[in-house]
Amino acid sequence: MKKLIQSFVPAALLAAGTLAAAAQDFPSKPITIVVPFAAGGPTDKVARDLAEALRKPLGTTVIVDNAAGAGGSIGANKVAKAPADGYTLLLHHIGMATMPTLVRNIPFKVESDFEYLGLVNDVPMTIIGKPGLPANNLKELREWLQKNKGRVNLGNAGVGSASHLCGMLFQHAMGVEMTAVPYKGTGPAMTDLMGGQIDLMCDQTTNTTGAIEAKKVKVFAVTTPHRLTVPALKDVPTMQELGVKDFNVTIFHGLYAPKGTPAPVLKKLNDALKAALKDPDFIKREEALGAVVVNDKRVEPAEHKKFVLSEINKWTPLIKAANIYVE
Ligand code: ASP
């Protein structure tokens, strides 16, 4: 009789039962955070620190997978198409808001292919140059750029990345076109900048603070409207102080899951994220690199999505007006 009843249970109900059971047990195996850039770079550093901070509240191992390339769209696409079970997450930055305008035809929809788990931090950027660059401030850099038109190259993490966005805005502000040299992330680009193989880069402080402090690169400006408090960066002027009006780029990071991840799993992930962002070690590590960990309100999924949509609305006209998108 039992067997007979079971055979009449609709498949959808059985599937729903399995999903509910899976959500209850979540997480029962390691969770992967996909980073859409190379290891050793600024996004990777945030992800590895976050993975460590998430381990305790989630009660499982959190692994970082670098799915780098195409300005951050390969990794984002990987997560958009991953099983919606909470075991594959994406840590991405401002690219989620600017990629759709900077690059045509990305293979996923930022607005509808993801569950938004919460924002993580805000990170300033810095304009940096190779060690032997014969300019010691932005005025001298502008003159050097004018003199060397057509010969200057600028590293970035590919079309659609934050360094691409900032680099394009920088070229626009300087009135000089440079040759973009794309890498799979600004980690490897930084190695080449320190070695003098490329001339300039705009990158997050989570990658540049150590190199600036060790004087392995020259720093010209921070991209935020206010100076930073990190000891290594506190004397670095803002682009606005140097007369470049309205130059204001801050990178946000957020955590995403594939669309359709069950609500109880999302809740567990969001709770764990909130706990991780209060971990004093995580906060200390981020602050030392110029990053500001967000408050609880911004770790709310609805707030995260609202913020990304507002960033899309903010950046789309700016990118179009500056004519810096790539067909
Ligand atoms: N900073 C990079 C970017 O330009 C990404 C990275 O390597 O983390 O988007």
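Bear in mind that the values in this text are calculations on the coordinates, not laboratory data. Given the structure is predicted, the values throughout are model-derived calculations rather than measurements. Note that we place each Cβ from the backbone using ideal geometry, even for glycine, and neighbour counts take in every protein chain shown.
Relative contact order, percent, of the chain when contacts are C-alpha pairs under 8 Å separated by at least 6 residues?
Over the chain, the number comes to 27 percent.
Based on the Kirkwood radius over alpha-carbon pairs, what value in µm²/s does the Stokes-Einstein equation return for the translational diffusion coefficient of region 99-149 at 37 °C and 0.692 mPa s?
Estimated via Stokes-Einstein, D reaches 213 µm²/s.
Binned at 20 Å from 0, what are the whole-percent values of the Cα-Cα distance distribution for the chain, short to long?
Once binned at 20 Å, the Cα pair distances of the chain give 32, 53, 12, 3, 0.
Of 38, 68, 173, which has the largest mean-square fluctuation in a 10 Å C-alpha GNM of the chain?
In this elastic network of the chain, the residue with the biggest mean-square fluctuation among 38, 68, 173 is 173.
Over the chain, with a Gaussian network built from C-alpha contacts below 10 Å, which listed residue (24, 171, 204) shows the highest mean-square fluctuation?
Of 24, 171, 204, the most mobile in the Gaussian network model is 24.
So, by mean Cβ neighbours within 10 angstrom, what's the order for 159-168, 257-266, 206-215 with the highest one leading?
The packing order, highest mean first, is 159-168, 206-215, 257-266.
Specify the angular offset, from 0 to 90 degrees and rounded to the nearest 10, of the alpha carbon long axis of helix 11-25 from the longest principal axis of the alpha carbons in the chain.
Once rounded, one gets 60 degrees.
Kindly give the semi-axes, whole Å and largest first, of the ellipsoid equivalent to region 177-268, taking each as the square root of 5 times a Cα gyration tensor eigenvalue.
Sorted largest first and rounded, they come to 30, 19, 14 Å.
Within the chain, what percent of beta bridges assigned by DSSP are antiparallel, to the nearest 5?
Percent antiparallel among DSSP bridges in the chain is about 60.
List 316, 61, 43 from most exposed to least, where exposure is judged by having the fewest other Cβ atoms within 10 Å.
61, 316, 43
Going down the list 109/305; 45/218; 147/218; 109/278, which pairs span over 24 Å between their C-alpha atoms?
Pairs exceeding 24 Å: 109/278.
Sorting 292, 222, 299, 103 on the 10 Å Cβ count, fewest up front, what's the list?
Exposure proxy ranking, most exposed first: 292, 103, 299, 222.
Could you tell me how many degrees, from 0 to 90 and to the nearest 10, lie between the Cα long axis of helix 42-58 and the main elongation axis, the longest principal axis, of the Cα atoms of the chain?
30
Here is the link list: 29/314; 284/306; 216/314. Which ones come out longer than 30 Å on Cα distance?
29/314; 216/314
Compare 152, 35, 217 in a GNM of the chain, Cα atoms joined below 10 Å, and give the one with the largest fluctuation.
Of 152, 35, 217, the Gaussian network model singles out 152 as fluctuating most.
Check the straight Cα-Cα distances from residue 184 and name the aspartates and glutamates below 19 Å, setting aside those fewer than 8 residues away within the same chain.
Reachable aspartates and glutamates: 44, 65, 192, 199, 203.
Does region 33-163 classify as rounded, prolate or oblate by the C-alpha gyration tensor (a ≥ b ≥ c root eigenvalues; a/c under 1.5 gives rounded; else a/b over b/c gives prolate, otherwise oblate)?
Taking the square roots of the gyration eigenvalues as a ≥ b ≥ c, region 33-163 is prolate.
Taking the Cα atoms only, what angle lies between the long axis of helix 263-276 and the longest principal axis of the chain, rounded to 10 degrees?
40
Which distance in Å, rounded to a whole number, links the C-alpha centroids of region 201-222 and region 253-327?
23
Report, in deg cm²/dmol and to the nearest 500, the calculated mean residue ellipticity at 222 nm for the chain, where each DSSP H run with n ≥ 4 adds -39500 (n - 2.57) and the sum is divided by the residue count.
After summing the helix terms and dividing by residue count, I get -13000 deg cm²/dmol.
What list do you get for 60, 186, 205 if you sort them by fewest beta carbons within 10 Å?
Listed from fewest to most nearby Cβ atoms, that is 60, 205, 186.
Relative contact order (percent) for region 32-143, with alpha-carbon contacts under 8 angstrom and 6 or more residues of separation?
Relative contact order, region 32-143: 26 percent.
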